[in-house]
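The next block holds one structure in the form of structure tokens; read it before the comments.
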Amino acid sequence: MTVHAPITFRAQDAAQVTTEASFKSLTLAVENMHCGGCMRSVERAALGVAGVASARANLSAQRVSVAYDPARTGEPALIEALARAGFPAAPMQWVKPGAEQARQKYLLRRTAVAGFAAMNIMLISVAVWSGAASDMDLALATAFRWLSALIALPTVAYSGQPFFDSALGALKARRLNMDVPISLAILLATAMSLYQTIRGSEQVYFDAAVSLLFLLLVGRFLDETLRVRASSEAQNLLSLQSGMATVIEANGSHRLVPAHALRLGDRLLVAAGERVAADGVVLKGRGQVDQSLITGETMPLTVAAGQEVYAGTLNLTQPLNIEVLAADSATLLAEISRLMLAAEQGKAHYRRLADRAAQVYAPAVHGLGLATFLGWLAIGASWQTALTYAIAVLIITCPCALALAVPAVQIAAASRLFRRRIIVKAADGLERIAETDMVVFDKTGTLTLGRLELLGQDAISGDVLIGAGRLAAASKHPYAKAIVAAAEKRTRAVVPASDVEEVPGLGLKRQLAQGEERLGSAEWCGVHSDGDDSEVWYRRDWMTPVRFRFADSVRTDAAEIAATLKRQGFELALLSGDRQGVVDKVADEVGISTRLAGLRPADKIAWLGAWASEGRKVLMVGDGLNDAPALAAAHASMSPASAADISQRAADFVFQGEKLAPVVEAIATARRARAMALQNFAVAAIYNVVCVPLAMAGFVTPLIAAIVMSTSSILVTANATRLADRGSR
Amino acid sequence: MTALAWLVPVALFLGGLGLAAFMWALRSGQFEDLEGAAYRALEDDPPEQ
């Protein structure tokens with residue numbers, strides 16, 4: 001999008017944006033924007049910032065374009081205003097907005113021209129065909145054919161470009177792709193028709209050539225739309241994921257910097273409750289961090305000066321000062337990036353269904369066309385007649401089922417998944433996930449919510465639980481959150497206690513008339529315990545201390561989904577970096593018998609490789625940084641939206657929400673899409689089986705070619721639309 | 001049959017007009033947010049400046 005990015009239909013806006021050249025434009029990815037009302041709230045929130053001239057939300061792209069006066073406001077103010085309105089936003093990174101749509105528009109313009117030409121030529125052709133059966137005089141029919149030529153020639157030259165370019169590229173590389181027979185059919189048909197028009201013959205194929213071009217361009221456009229949509233969703237996710245970091249300058253002042261702009265050696269301040277923006281080493285401070293995204297370990301880890309912390313780690317208790325370490329040093333992130341790169345290279349060779357079909361199809365079509373031409377020459381036909389029949393064969397065998405039906409099916413499937421809050425990130429992901437026969441899960445954050453839950457809640461008295469909950473409400477620590485969540489089940493609202501003092505790394509306390517109330521570690525509450533870090537004590541001076549224990553809660557439908565997948569014939573496995581005992585517990589609860597614990601990222605890849613060499617096609621579902629290489633290596637992959645950004649980047653699908661049902665939904669939709677693509681191939685094959693012999697025998701007139709081609713295209717497209725559901729998003 | 005002499009150019013011109021309108025709409029970005037446009041039609045007042 002250019003400077004006048006907010007597309008304004010109202011004259012006064014346009015005037016404002018263009019007359020005041022000092023305005024800057026900015027595109028932000030916006031979360032949570034799902035309806036017309038949200039769209040309006042987003043625009044209102046942005047316009048509420050002083051200095052904003054115009055704001056236009058794009059619901060399809062989940063973005064908002066803002067024109068603002070840089071002297072009066074800036075990026076942080078806009079992001080803050082949107083966040084306050086309930087729409088977390090982030091500036092688009094790595095892409096120039098609009099560049100991704102350029103190819104889409106290029107195709108759409110050519111499709112429009114081809115459509116216009118196809119309709120007009122068809123109109124004229126219908127007159128000529130019906131005239132041939134009645135009393136149209138020859139001069140008029142010839143004039144009409146010349147008129148068709150006049151429309152068709154520039155159209156073919158302009159709208160055929162995408163196919164000609166691609167075919168030339170393939171031929172230069174000494175390969176055959178689907179565009180070679182397409183280009184050949186269009187060019188031959190046009191040239192031959194021109195020749196026949198000059199001769200005044202009836203064998204004129206302009207209508208077939210141009211409508212073929214039109215239908216194929218529609219298919220190409222749909223394919224591109226899916227690709228653009230997938231990549232723009234991916235860009236939104238990436239932009240929203242990488243947050244801001246607080247850099248401590250040499251003079252001690254603080255400055256907010258986008259995480260991607262951090263440099264080696266920068267000193268960062270990570271407040272309690274913030275995520276660490278980059279790999280680094282702790283300079284100052286001691287506190288607990290949640291590393292579940294990175295290692296899969298649910299329990300917080302205590303770090304102190306000199307220890308490394310990784311990007312994506314959640315700082316729980318105390319502000320930390322860290323120094324940024326280079327990503328190319330021996331950090332965990334560097335190791336993971338290297339593994340991912342290697343894994344992705346292995347997968348780049350995947351060939352899409354339509355391409356594989358084209359590999360068989362293109363030589364067959366060329367062979368048939370050539371055989372027709374040579375056959376007719378051999379039995380003594382003129383070269384014009386032989387060539388005309390060969391062109392009829394090429395047109396009849398037009399790969400519409402491949403070029404139109406497959407993209408139509410896939411875009412319908414992607415839209416359906418999008419409405420169910422599953423984002424298709426890789427354009428060929430639908431084909432790959434449909435082929436899988438084994439599902440491998442990660443534990444933390446995937447089978448579980450990556451969120452702690454208080455154990456044995458029912459055994460704890462309401463008085464104790466609510467008392468502890470009121471105290472815990474003052475803290476952001478995951479244990480405290482779990483206690484509050486448990487307390488909220490007993491009482492409608494947990495009123496946070498006042499005058500609570502939090503001592504980072506130890507616990508909470510407050511003074512009451514009856515005595516002191518404390519919540520925290522055993523040491524903090526003055527009790528002796530041989531338990532590990534994973535317990536919290538609650539002590540009131542006038543009562544015996546109570547112990548709270550926690551576990552990561554499994555997603556509510558995990559067991560049900562596992563059972564469904566098993567019933568559908570999938571083999572299931574659980575790969576985790578966590579300890580054996582914890583892994584066994586979750587695996588038993590969900591009902592997965594193949595379980596492997598204590599794995600490092602490279603081990604996960606090794607297991608996937610072993611299964612792949614057995615001929616299994618694995619769908620990997622994972623969220624952590626440690627899963628990222630495995631996600632890239634698996635045949636297909638899914639991540640929850642809560643995953644580490646690097647994992648979301650690696651995954652083919654990203655799903656939102658707290659349920660695991662999207663896994664089943666994505667597989668089912670992809671399989672239906674594949675079934676429909678195959679149905680469409682079958683429809684096309686039947687057409688070819690019936691029509692090709694007729695065409696080879698020379699019975700196919702331009703009229704029949706045009707009708708057959710259009711009906712088969714309409715049929716396959718209509719079939720594709722069955723996949724889209726009409727419900728609201 | 002002389003009617004065709006002007007009917008055909010008129011038909012082509014009208015079709016061309018449609019094509020030009022589409023190209024204009026495409027260039028002015030009206031196809032960039034198909035879902036949002038559906039909701040915008042229901043808005044009573046333009047968002048205030």
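Only the coordinates and a few stated rules stand behind these numbers; no lab work does. Please read all numbers here as calculations on a predicted model, not as lab measurements. Neighbour counts run over all protein chains shown; Cβ positions are idealised from the backbone, glycine included.
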Theoretical gain in end-to-end length, A:Lys481 to A:Arg84 [0.36 nm per residue, Cα-Cα removed]: 140.7 nm
Projected label distance in nm at A:Ser593 and A:Leu455, using a 7 Å step from Cα toward the beta-carbon: 2.7 nm
message: Expected output is a single nm value to one decimal: the length gained when fully extending between A:Leu150 and A:Met543, i.e. 0.36 nm times separation in residues minus the C-alpha distance. What is it?
response: 131.8 nm
- line: Expressed as a whole number, the average count of other chain Cβ atoms within 10 Å around the Cβ atoms of A:517-524 is 0
task: Provide the FRET efficiency to the nearest 0.05 for the B:Ala11-A:Ala668 pair, computing r from the beta carbons and using R0 = 51 Å.
output: 0.60
- prompt: Tell me, Kirkwood radius of the range A:526-646 from alpha-carbon pair distances, in Å?
  reply: 16.7 Å
message: Ignoring everything except DSSP H segments at least 4 long, calculate the 222 nm mean residue ellipticity for chain A; use -39,500 (n - 2.57) per segment, divide by total residues, nearest 500.
response: -16500 deg cm²/dmol
statement: Across B:21-29, the residue-averaged tally of Cβ atoms belonging to other chains within 10 Å stands at 4
message: Please list, short to long, the whole-number percent of alpha-carbon pairs of the range A:474-584 in consecutive 10 angstrom bins beginning at zero.
response: 11, 33, 28, 16, 10, 3, 0
statement: Rounded to 0.05, the calculated FRET efficiency for the beta carbons of B:Ala41 and A:Val281 at R₀ = 45 Å is 0.20
query: Roughly what would the spin-label model give for A:Ala102 and A:Glu658, points 7 Å off Cα along C-beta, in nm?
result: 4.5 nm
field: Folded to 0 to 90 degrees: helix B:3-27 orientation relative to chain B principal axis, Cα
entry: 20 degrees
- request: Count the DSSP beta bridges whose two residues both fall in the range A:570-662, then state the antiparallel fraction as a percent rounded to the nearest 5.
  value: 0 percent
Near-label residues of the range A:437-478 by backbone N, under 20 Å of a point 7 Å along Cα→Cβ of A:Asn32: A:476
task: Sort A:Leu455, A:Leu168 so the one with the fewest other Cβ atoms within 10 Å of its own Cβ comes first.
output: A:Leu168, A:Leu455
- prompt: If you bin the C-alpha pair distances of the range A:524-587 every 10 Å from 0, what whole percents do you get?
  reply: 16, 32, 23, 17, 10, 2
statement: The answer for trypsin sites (Lys or Arg not before Pro) in the range A:142-248 that fall in a DSSP coil and have at most 13 neighbouring Cβ atoms within 10 Å is A:Arg174, A:Arg175
- prompt: For the range A:550-629, what is the relative contact order in percent, using Cα pairs closer than 8 Å and at least 6 residues apart in sequence?
  reply: 25 percent
field: Stretchable slack from A:Glu249 to A:Thr701, in nm (0.36 nm times residue separation minus alpha-carbon distance)
entry: 154.8 nm
- prompt: Normalised by the number of residues in chain A, what is the relative contact order in percent for Cα pairs under 8 Å and 6+ residues apart?
  reply: 13 percent
query: Can you pull out the chymotrypsin sites (Phe, Trp or Tyr not before Pro) in the range A:626-718 that DSSP calls coil and that have at most 15 other Cβ atoms within 10 Å?
result: A:Phe699
task: Work out how far the C-alpha atoms of chain A reach from end to end along every principal axis, then list the three figures in whole Å, largest first.
output: 111, 65, 49
- prompt: In nm, to one decimal, how far is the A:Arg492 label point from the A:Glu571 one, both placed 7 Å along Cα→Cβ?
  reply: 5.4 nm
